[in-house]
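The values are calculated or read from the model by the stated rules, or taken from the named source; none is laboratory data. If you're wondering where the values come from, they're calculated on a predicted model, not measured in any experiment. In this analysis, Cβ positions are derived from the backbone assuming ideal geometry, glycine residues included, and neighbour counts consider all displayed protein chains.
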Amino acid sequence: MSTVLIVHGGRFGQSEKIANQMRKVLEGAGHSCDFVPLTKTTTPDPARHQAFLLVTSVRYGYFDKNAYRLIENNRAWLEQVPAQVVTVSLTARKPEKRDPQVHSYTKKFLEKSGWKGRVEVVAGALEYPRYSLFDRLAIQLIMRITNGPTDPSVTIEYTDWEQVDKAAAAFAAEL
Ligand SMILES: Cc1cc2nc3c(=O)[nH]c(=O)nc-3n(C[C@H](O)[C@H](O)[C@H](O)COP(=O)(O)O)c2cc1C
């Protein structure tokens with residue numbers, strides 16, 4: 001049985017919620033997990049961790065630069081252990097966008113980071129009431145362009161939990 005380092009990025013808690021669901025599946029399969037936020041200094045401990053999971057979200061087209069930093073600084077280790085990245089975004093609310101080679105943000109992330117491990121593209125949540133005025137207007141604009149909801153009172157969780165459980169189970173089976 002492995003000890004998995006689970007790192008969650010994001011700002012509004014959806015990446016953390018997805019990471020936590022995956023933690024439950026991994027623990028249910030008998031693995032243990034260290035569950036930590038993504039920061040500038042997040043680093044695996046090769047003496048302790050035998051696998052790696054990163055869940056992080058898209059914000060204005062970009063992933064947290066700490067995700068790139070973590071991958072760059074630990075590349076040799078990451079290429080030796082089972083490793084999974086989960087990208088969280090609203091564009092992934094459309095199932096046809098969940099192919100990493102179709103989902104433009106994930107495709108760019110893979111190219112830029114040189115990530116070689118598993119990849120899952122998962123839909124996040126739309127939570128207008130929690131956004132600042134600027135963020136709300138920006139997200140409303142994106143939603144208008146992509147035919148999504150623009151009502152500012154709306155909260156919708158698009159995350160497909162079956163997809164999340166399946167990805168976690170496939171990862172658990174590799175450990
Ligand atoms: C300010 C802001 C900018 C966002 N930008 C994008 C974006 O460019 N593309 C996209 O697909 N989703 C975008 N999203 C959607 C988030 O990825 C989604 O809400 C996700 O669930 C957030 O995860 P978190 O709670 O872990 O931060 C944005 C959300 C916010 C609040």
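Of note:
- Near pairs, Cβ below 6 angstrom, 6+ apart or cross-chain, from the stretch 113-124 (touching a residue at least 24 places away in the same chain (Cβ under 8 Å)) to any residue that is part of a loop (DSSP other than H, G, I, E, B) and charged (D, E, K, R): LYS116/GLU79; VAL121/ARG98
- Any hit, the stretch 141-154, residues being outside the structural domain of LEU54 (by TED's automatic domain parsing), at positive phi, not charged (D, E, K, R) and not in a helix (DSSP H, G or I): yes
- Residue check for VAL86: within 22 Å of THR3 (Cα to Cα), more than 17 Å from the chain's Cα centre (by Cα), at pLDDT 95 or above and in the same structural domain as VAL25 (by TED's automatic domain parsing): no
- Selection status of SER113, at pLDDT 95 or above and assigned by TED's automatic domain parsing to the domain that holds ALA51: yes
- Among residues of the stretch 51-66, those that are more than 8 Å from the ligand (Cβ to nearest atom) and either outside the structural domain of GLY9 (by TED's automatic domain parsing) or among the basic types (Lys, Arg) (or both), counted: 1
- So LEU133, is it outside the structural domain of GLN14 (by TED's automatic domain parsing) and at pLDDT 95 or above: yes
- In the stretch 1-24, the qualifying residues are those that are more than 9 Å from the ligand (Cβ to nearest atom) and out of contact with any Phe, Trp or Tyr (no Cβ under 8 Å at 6 or more places or on another chain), and the one that is nearest to ASP45 (Cα to Cα) is THR3.
- Out of TRP161, TRP115, sole residue that is among the aromatic types (Phe, Trp, Tyr) and buried (at least 19 other Cβ atoms within 10 Å of the Cβ): TRP115
- Some residue of the stretch 151-162 being charged (D, E, K, R) and touching a Leu at 6+ places or on another chain (Cβ under 9 Å): yes
- Any hit, the stretch 91-107, residues being away from the ligand (no atom under 16 Å from the Cβ) and either buried (at least 17 other Cβ atoms within 10 Å of the Cβ) or closer than 15 Å to VAL7 by Cα (or both): no
- Output for the stretch 118-132, where each listed residue is surrounded by fewer than 18 Cβ atoms within 10 Å (Cβ to Cβ) and among the small types (Gly, Ala, Ser): SER132
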